[in-house]
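Written below as structure tokens is the structure these notes are about.
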Amino acid sequence: MPEFTIETTYHLPVFRHATYAADTAEAACRLAIEDNDWSGQREVYESSGETYVTGIWEGDDTAYRAPAIPVPPHFLETVQRQAAHFEILLGLLKMLGADDSFAGLTVDAVTDTDIHAACLSVAASIDLAEEVGGAEFRAAFAALRQAQLRRA
């Protein structure tokens, strides 16, 4: 059975309390942000962020020594997935502005039920043959690279 080295990450909140003399709260915030002295820092393990995958390598203990394998999108950090969704939504908004057939349609006209039904429809009818073919090609190419590296 193949082995994989997986790098996972989570964000650990670190805080400090410090007092700053300033004319306004905004000025005090600026001083706090510019203060580089973190000697009194404390970690908040109870508030750590989600665990997400930041790297995958084939083999035992191969992190950064073997070619990285792309991380499947659903294992990425939520903010990265949201950014990808934002890019898609931005494209849709551009379509709404450029395509007259959507004239008069507002964002709030599209309900969660509409989105859910559309997702189910796409999932039921999607043909992943092209993606599978692309994955097979990338796997074959990676195998050739591995053989070339071993030979070198």
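The values are calculated or read from the model by the stated rules, or taken from the named source; none is laboratory data. This structure is a prediction, so every number in the text was calculated from the model and none was measured. FYI the Cβ positions are ideal-geometry reconstructions off the backbone, even for glycines, and counts take in every protein chain you see. Each accessible area value is taken on the protein alone, full model and side chains, heavy atoms only, with ligands, DNA and RNA left out. Shrake-Rupley method; radii C 1.70, N 1.55, O 1.52, S 1.80 Å.
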>> Need pairs with beta-carbon distance below 8 Å; first residue without any contact (Cβ under 8 Å) to a residue 40 or more places away in the chain and within the range 9-25, second open to solvent by 80 Å² or more (accessible area, probe 1.4 Å) and part of a helix (DSSP H, G or I); sequence gap 6+ or separate chains.
In response: Leu12/Tyr45; Ala22/Arg30
>> So for the range 131-138 (the condition being more than 21 Å from Phe4 (Cα to Cα) and either touching a Cys at 6+ places or on another chain (Cβ under 8 Å) or open to solvent by 90 Å² or more (accessible area, probe 1.4 Å) (or both)), does at least one residue qualify?
In response: yes
>> Considering only residues that are closer than 16 Å to Gln146 by Cα and either touching a Leu at 6+ places or on another chain (Cβ under 9 Å) or exposed (fewer than 14 other Cβ atoms within 10 Å of the Cβ) (or both), which ones fall in the range 52-62?
In response: Gly59, Asp60
